[in-house]
Amino acid sequence: MEDHASATCRNAAFEWLKEQAMQGNETFSRDMLAQGFPYKGDYVKLVGPQGIFKPNQIQYFPLSITTTTKGPYSDSFDPSGDYLLYSYRGRDPEHHENRRLRDAMRDRIPLIYFYSTVPGQYLAIYPVFIVGDAPEKLTFTVAADDVTQLSYERDDTDDGVRRQYVTRLVRQRMHQRSFRDRVLKAYRERCSICRLHHADLLDAAHITPDADDQGEPIVSNGLSLCKIHHAAFDRDYFGIRPDYRIVVRPEIMRENDGPMLKAGLQAIDQTELIVPRSVRERPDPDRLKARFESFAEIAF
């Protein structure tokens, strides 16, 4: 079991993350995590140079595990999608950081998982628990849990079922956030139609819907749109041709309403989409073609 001072510090980390979430902060910069949060006249760091991290204020067990988009390890979900697979530090199962994670599994110590959505930006998943160890594969199995279940108690059947369910939800959240952050980064946090430059008011819209088998969460299947243009795009108020030309539905062009209709929709007809600098990240013309054909069946 963890000593009282370390457990108190660990709980303070979870409380700080919950407070951040209440303020709308879901992702964090590497610099912010490396600085840490204020605690008893000092700062508790949340990440370090390596993926398995323990701050000075905690005696033995790690506080967090981290993946990076440029790291040497290949972390992923298991085939069922119920658990995350987290790579060992190095190739020695007895490396002290690997041993500490193994001991955290034994004592059911709650951890924080920082998932890199784009370089330098991390989504906080907590609490997570180490629930399996495969030295032959150099991986740990990790399960997410509900924040209301923070506990040092041992697992039972109900814990396992709940954690599988929560981890599946976490997987969806991780993919959605990663897609959003990568798309907005490619478009330099601007709406690709009206140039609005407020990230809080921007979404990553799918060209091929994510419910479709081809709706991959890749940047070339995304558009950075403000919330109004995202809603209008999803409802086929306008379409986008493969040459990036925007076409507003004729019936919308004939409407007579207030300034929002004129500036937000009618004025964008026949204008050109703003696209990323990188050709690889620009909207896939084949996807736009298929989406525009569907739009044209409704609009004309």
Hey, can you tell me all the residues within the range 26-53 that are assigned to a loop (DSSP other than H, G, I, E, B), modelled with pLDDT under 95 and in contact with a Leu (Cβ under 9 Å, 6 or more places away or on another chain)? Glu26
Among residues of the range 20-60, those that are at positive phi and surrounded by fewer than 15 Cβ atoms within 10 Å (Cβ to Cβ), counted: 3
Looking only at residues that are assigned to a loop (DSSP other than H, G, I, E, B) and free of Cβ contacts under 8 Å to residues at least 60 places away in the same chain in the range 1-23, which one is nearest to Tyr113 (Cα to Cα)? Gln23
Within the range 261-272, restricting attention to residues that are at pLDDT below 95 and over 16 Å from Leu225 (Cα atoms), which residue is surrounded by the fewest Cβ atoms within 10 Å (Cβ to Cβ)? Lys262
When the range 1-28 is checked residue by residue, the ones that are under 17 Å from Thr66 (Cβ atoms), under 19 Å from the mean Cα position of the chain (by Cα) and of a type outside the set (A, V, I, L, M, F, W, C) are Gln20, Glu26, Thr27
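So that you can scan it fast, the table gives a plain yes or no per residue for (1) within 22 Å of the chain's Cα centre (by Cα); (2) among the polar types (S, T, N, Q); (3) farther than 27 Å from Gly24 by Cβ:
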{"residue": "Leu184", "(1), (2), (3)": "yes, no, no"}
{"residue": "Val248", "(1), (2), (3)": "no, no, yes"}
{"residue": "Glu272", "(1), (2), (3)": "no, no, yes"}
{"residue": "Val279", "(1), (2), (3)": "no, no, yes"}
{"residue": "Pro283", "(1), (2), (3)": "yes, no, yes"}
Tally time: how many residues in the range 121-136 are without any contact (Cβ under 8 Å) to a residue 12 or more places away in the chain and outside any strand (DSSP E or B)? 1
Filter result for the condition that a residue is more than 25 Å from the chain's Cα centre (by Cα) and either assigned to a loop (DSSP other than H, G, I, E, B) or within 28 Å of Arg177 (Cβ to Cβ) (or both), over Arg102, Arg91: Arg91
Taking the condition of being under 12 Å from Leu123 (Cβ atoms), buried (at least 21 other Cβ atoms within 10 Å of the Cβ) and modelled with pLDDT under 80, how many residues in the range 158-194 meet it? 1
Taking the condition of being surrounded by fewer than 16 Cβ atoms within 10 Å (Cβ to Cβ) and farther than 21 Å from Glu281 by Cβ, how many residues in the range 237-250 meet it? 1
Any strands (runs of 3 or more DSSP E) falling wholly within the range 175-276 and containing at least 3 residues that are among the β-branched types (Val, Ile, Thr): 246-248
Hey, does the range 241-257 have a residue that's of a type in the set (Lys, Arg), in contact (Cβ under 8 Å) with a residue 24 or more places away in the chain and in contact with an Asp or Glu (Cβ under 9 Å, 6 or more places away or on another chain)? yes
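The values are calculated or read from the model by the stated rules, or taken from the named source; none is laboratory data. It should be emphasised that the depicted structure is a prediction, and the values quoted were computed from it without experimental measurement. Glycine also receives a Cβ, built like all others from the backbone with ideal geometry; neighbour counts cover every protein chain displayed.
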